[in-house]
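The structure under discussion appears below in the form of structure tokens.
The values are calculated or read from the model by the stated rules, or taken from the named source; none is laboratory data. Note that the structure is predicted; figures quoted are calculated from it, not measured. Backbone-built Cβ (ideal geometry, glycine too); neighbour counts: all protein chains shown.
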């Protein structure tokens with residue numbers, strides 16, 4: 001499976017994502033934000049970090065960068081686009097995903113392991129995933145997902161809520177919500193479920209010496225579904 | 001403006017220093033020249049009070065590639081890999097403006113490291129605040145933590161360990177010490193020594209603004225009531241630009257275009273240009289009209305003194321200008337050729353086609369004043385005679401809970417949750433352990449690092465205190481299975497013009513030197529921060545040691561959490577029960593006198609090597625050093641982290657259980673041993689002639705000791721984990 005990771009000025013999880021993708025067998029390429037086009041890919045990843053310093057608003061300047069048109073075209077033609085953390089913020093700024101990510105409820109940056117519940121498996125990311133609850137890692141200041149009532153309803157009606165924050169046993173409530181996100185939302189899809197944006201970082205959980213290994217399941221599952 | 005003695009004094013120079021400048025120049029300097037002298041001759045840049053004593057430090061070793069004197073120290077970790085590291089203070093600015101002060105402290109130290117060609121792989125910090133009851137403490141802590149996080153998180157370098165303490169002596173002067181480790185190929189290290197004539201001098205990074213002017217002089221003076229007015233001397237950080245600068249510099253460093261490179265830190269363009277020329281025994285000519293400025297009509301005086309962040313000065317190979325410019329253009333950074341190296345051995349400044357300053361370099365560097373300040377020895381306080389009957393009214397379990405929730409012992413998760421500690425995907429030991437550990441990317445090696453200081457011990461007896469912190473750093477590295485290699489130090493002290501403070505400095509340095517020599521744990525970099533004093537009240541002497549060690553196979557890393565029920569727990573090293581200066585004495589007896597625990601360097605080394613031997617042979621599964629709070633505190637932390645209990649044996653021949661459990665004797669570790677390994681472990685302990693106690697067995701969910709203690713781990717965890725969060729929320 002061929003993948004491309006876009007590097008914006010200020011991206012800082014680009015290398016980690018490259019390492020993770022290659023570890024599981026993706027043929028990955030790095031693409032500079034000022035490039036005109038993206039090499040032929042089956043998956044485009046917008047990595048975490050602070051693109052353009054997150055000035056103005058997280059992800060907003062990146063959503064106007066030169067490369068982004070190719071990303072939007074790719075998404076609209078059905079290609080898989082994955083945005084992690086800052087990448088998720090960029091995807092909401094481009095309009096590919098609904099809603100916004102505001103500052104965390106308690107106003108602090110949070111770097112911590114969290115559990116997330118997989119809410120929908122009828123998609124190329126989570127289809128046939130063996131687990132329903134994954135332990136992943138978050139590191140963000142603006143991960144508090146919010147959207148209008150109408151948007152929320154349509155996300156729910158179309159099963160576009162991808163993952164939610166929960167406890168180890170899958171309980172979703174206020175105490176298992178690290179940042180105040182509406183309905184504990186940690187990640188969502190677009191309507192066709194080819195575009196996924198989520199705050200947790202699977203690329204930081206890819207061997208047992210790190211915080212955990214559930215990130216490996218995530219990447220392997222994408223590959224399995226591609227076969 | 002006419003330059004007079006009064007103007008010189010306003011610039012932080014002493015009367016005699018001004019006469020010396022006039023004498024050396026054989027004329028009165030103009031204002032720009034005076035500013036350059038004041039920037040180079042202040043304590044922060046010239047080390048004029050400390051230099052004499054720093055020379056004695058132990059700085060050499062088999063693995064040392066670069067000792068003090070460069071942007072950072074460098075050590076060899078094998079296979080052509082080298083670690084570049086340094087710790088630096090940003091105390092004064094952080095008190096005036098906590099967010100920016102702390103943020104630019106982190107930015108500055110990272111620049112020191114990537115200036116040498118290394119990619120930063122880990123950050124650490126040691127931060128010290130006034131009493132929790134002091135009205136400023138909460139806001140200063142919040143601001144500093146946000147500043148450190150705001151900068152480090154954005155750059156994408158994990159913050160892997162740290163230390164936070166509270167003491168009323170920091171009420172008017174907080175301490176913010178930031179440390180960075182970087183990884184470099186040992187054949188591709190860049191230095192700040194200029195070489196060759198007529199080579200282009202390049203300015204890259206952010207534009208120069210009016211921020212941070214007089215920053216270095218501000219950091220070389222004590223505080224008074226008017227510190228609010230000093231806000232403009234604090235620099236403003238832009239981590240985004242630094243991230244671009246980091247990537248651009250590393251890209252340019254991939255080939256051989258750079259002759260010398262120096263970041264513009266304290267005293268900005270002045271110190272960077274003078275240092276590069278001085279090290280290369282050259283002259284330098286700068287055309288200040290070419291310096292990219294953020295604001296209009298900046299004068300040569302302002303340009304030379306600005307401490308705007310995220311800037312670098314580079315001496316480039318001739319003909320490489322276009323190649324270099326292309327890289328900086330790609331990263332959207334300013335790039336300007338602003339001068340050249342000369343053989344004049346002077347710094348010559350041109351502005352608007354006129355020469356505005358001309359000073360021989362040696363007057364600024366080698367001829368800077370050096371003081372042999374008078375100092376006073378601190379006598380070893382007499383050992384206290386505790387009334388042991390008084391102890392009997394104290395319940396062991398109450399004492400333990402009180403100590404675990406003490407501000408200096410309690411869990412600091414509230415802080416490090418705000419630091420990205422997992423970015424770069426190689427953090428294998430997170431904050432909260434004895435040391436942070438990151439893998440050397442793509443290899444089996446891992447690097448461990450820890451920061452330590454013991455102001456109470458240093459205040460009581462600086463010589464012992466100095467030795468003790470080096471030993472504590474050594475132990476923290478060994479506790480994670482790392483072989484200690486070298487240290488960096490940040491020497492935070494009061495006013496060197498006072499004999500007592502100067503004495504504290506001299507004797508702490510002596511202690512550090514003695515211990516680092518004995519343990520073969522050389523000092524490779526560091527910085528000195530004097531004048532941590534407000535209205536005549538100085539801080540307790542707080543030298544901070546940043547230790548670095550190597551784990552050659554990261555699978556052998558140790559952590560402190562208890563692993564398996566039924567495993568045995570031993571205390572390695574002898575416990576005499578030293579209570580003077582302990583947390584127990586302060587917190588439960590309100591007793592602040594007495595000497596710190598004695599440091600026995602032979603034992604430190606021998607016991608340290610024993611533990612390292614045990615870990616290399618995979619005979620122990622967890623390890624923690626015993627320090628503040630003694631054995632019971634250390635064991636409790638291991639229980640809390642591992643969510644497991646311990647049944648402590650009825651200890652034979654115990655003179656006093658309070659002394660045994662809370663004494664702060666040095667050179668001790670607690671280890672967890674699987675039963676199957678016990679025989680081998682005891683053989684090795686005997687081979688090294690090391691004292692050990694069979695403390696107990698991992699069992700159930702509570703700490704049990706005779707009829708004295710029966711505490712569920714959850715109850716202990718509550719006492720330990722939430723003090724800081726509750727304090728910050730209240």
- within 28 Å of residue B:264 (Cα to Cα), without any contact (Cβ under 8 Å) to a residue 60 or more places away in the chain and surrounded by fewer than 24 Cβ atoms within 10 Å (Cβ to Cβ), is that true of residue B:143? yes
- Task: Report, by residue number, each residue of the range B:526-542 that is farther than 14 Å from residue B:496 by Cβ and in contact with a helix residue (DSSP H, G or I) (Cβ under 7 Å, 6 or more places away or on another chain).
- Result: B:540, B:542
- Task: From the list B:675, B:704, B:679, pick out the single residue that is modelled with pLDDT of 95 or more, touching a strand residue (DSSP E or B) at 6+ places or on another chain (Cβ under 7 Å) and exposed (fewer than 13 other Cβ atoms within 10 Å of the Cβ).
- Result: B:675
- Note on the structure: Residue set B:228, B:285; condition away from chain A (no Cβ under 14 Å), in contact with a strand residue (DSSP E or B) (Cβ under 8 Å, 6 or more places away or on another chain) and either over 26 Å from residue B:97 (Cα atoms) or in a helix (DSSP H, G or I) (or both); output residue B:285
- Task: Pick out the one residue from A:86, A:104 that is within 12 Å of chain B (Cβ to nearest Cβ), in contact with a strand residue (DSSP E or B) (Cβ under 7 Å, 6 or more places away or on another chain) and surrounded by fewer than 21 Cβ atoms within 10 Å (Cβ to Cβ).
- Result: A:104
- Message: Tell me whether the range B:243-259 contains one or more residues that are away from every other protein chain (no Cβ under 14 Å), surrounded by fewer than 24 Cβ atoms within 10 Å (Cβ to Cβ) and more than 27 Å from residue B:322 (Cβ to Cβ).
- Response: no
- Query: Assuming residue A:131 fulfils every condition listed in (1) in contact with a helix residue (DSSP H, G or I) (Cβ under 8 Å, 6 or more places away or on another chain); (2) touching a residue at least 40 places away in the same chain (Cβ under 8 Å); (3) within 14 Å of chain B (Cβ to nearest Cβ) apart from one, which condition is it?
  - Reply: (3)
- Quick one: which of B:430, B:402 is in contact with a helix residue (DSSP H, G or I) (Cβ under 9 Å, 6 or more places away or on another chain) and surrounded by fewer than 19 Cβ atoms within 10 Å (Cβ to Cβ)? B:402
- Message: Restricting to the range A:22-34, name every residue that is within 12 Å of another protein chain (Cβ to nearest Cβ) and touching a residue at least 12 places away in the same chain (Cβ under 8 Å).
- Response: A:23, A:32, A:33, A:34
- Message: Which of the numbered conditions does residue A:168 fail, given that it passes all the others? Conditions: (1) surrounded by fewer than 16 Cβ atoms within 10 Å (Cβ to Cβ); (2) within 26 Å of residue A:71 (Cβ to Cβ).
- Response: (2)
- Task: Considering only residues that are closer than 14 Å to residue A:187 by Cα and more than 14 Å from every other protein chain (Cβ to nearest Cβ), look in the range A:107-122 and name the one that is surrounded by the most Cβ atoms within 10 Å (Cβ to Cβ).
- Result: A:116
- Item | Matching entry among B:167, B:225 (being over 26 Å from the mean Cα position of the chain (by Cα) and farther than 29 Å from residue B:258 by Cα) | B:225
- Message: When you scan the range B:307-316, do you find a residue that is more than 35 Å from the chain's Cα centre (by Cα) and on the phi > 0 side of the Ramachandran plot, even just one?
- Response: no
- Quick one: in the range B:1-18, which of the residues that are assigned to a helix (DSSP H, G or I) and in contact (Cβ under 8 Å) with a residue 12 or more places away in the chain is surrounded by the most Cβ atoms within 10 Å (Cβ to Cβ)? B:18
- For the range B:499-550, what are the residues that are assigned to a helix (DSSP H, G or I), closer than 12 Å to residue B:487 by Cα and over 19 Å from the mean Cα position of the chain (by Cα)? B:517
- Based on what the data block shows, is residue B:233 touching a helix residue (DSSP H, G or I) at 6+ places or on another chain (Cβ under 6 Å), more than 24 Å from residue B:336 (Cα to Cα) and at pLDDT 95 or above? no
- Message: Please list, ordered by residue number, the strands (runs of 3 or more DSSP E) wholly in the range B:339-445 having 3 or more residues that are under 30 Å from residue B:79 (Cβ atoms), within 14 Å of chain A (Cβ to nearest Cβ) and modelled with pLDDT of 95 or more.
- Response: B:427-429, B:436-439
- Taking the range A:36-55 and keeping residues touching a residue at least 24 places away in the same chain (Cβ under 8 Å) and within 12 Å of chain B (Cβ to nearest Cβ) leaves A:47, A:48, A:49, A:50, A:51, A:52, A:53, A:54
- Task: Working only within the range A:137-195, note down all residues that are farther than 30 Å from residue B:149 by Cβ, free of Cβ contacts under 8 Å to residues at least 60 places away in the same chain and in contact with a helix residue (DSSP H, G or I) (Cβ under 7 Å, 6 or more places away or on another chain).
- Result: A:152
- A careful count of residues in the range B:291-335 that are exposed (fewer than 15 other Cβ atoms within 10 Å of the Cβ), outside any loop (DSSP other than H, G, I, E, B) and touching a residue at least 12 places away in the same chain (Cβ under 8 Å) gives 1
- Task: Answer with yes or no whether residue B:576 is surrounded by fewer than 17 Cβ atoms within 10 Å (Cβ to Cβ), under 29 Å from residue B:677 (Cβ atoms) and either touching a strand residue (DSSP E or B) at 6+ places or on another chain (Cβ under 8 Å) or at pLDDT 95 or above (or both).
- Result: no
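For (1) within 14 Å of chain A (Cβ to nearest Cβ); (2) over 27 Å from residue B:455 (Cα atoms); (3) touching a strand residue (DSSP E or B) at 6+ places or on another chain (Cβ under 7 Å); (4) in a helix (DSSP H, G or I), each residue gets a yes or a no:
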| site | (1), (2), (3), (4) |
| --- | --- |
| B:83 | no, yes, yes, no |
| B:124 | no, no, yes, no |
| B:128 | no, no, yes, no |
| B:146 | yes, no, no, yes |
| B:154 | yes, yes, no, yes |
| B:189 | no, yes, yes, no |
| B:192 | no, yes, yes, no |
- Message: What's the total number of residues in the range A:61-81 that are within 14 Å of another protein chain (Cβ to nearest Cβ) and within 26 Å of residue B:424 (Cβ to Cβ)?
- Response: 3
- Query: So which of A:145, A:125 ends up being at pLDDT 95 or above, more than 26 Å from residue A:225 (Cα to Cα) and surrounded by 20 or more Cβ atoms within 10 Å (Cβ to Cβ)?
  - Reply: A:145
- Among B:119, B:142, the single one that is out of contact with any strand residue (DSSP E or B) (no Cβ under 9 Å at 6 or more places or on another chain) and within 12 Å of chain A (Cβ to nearest Cβ) is B:142
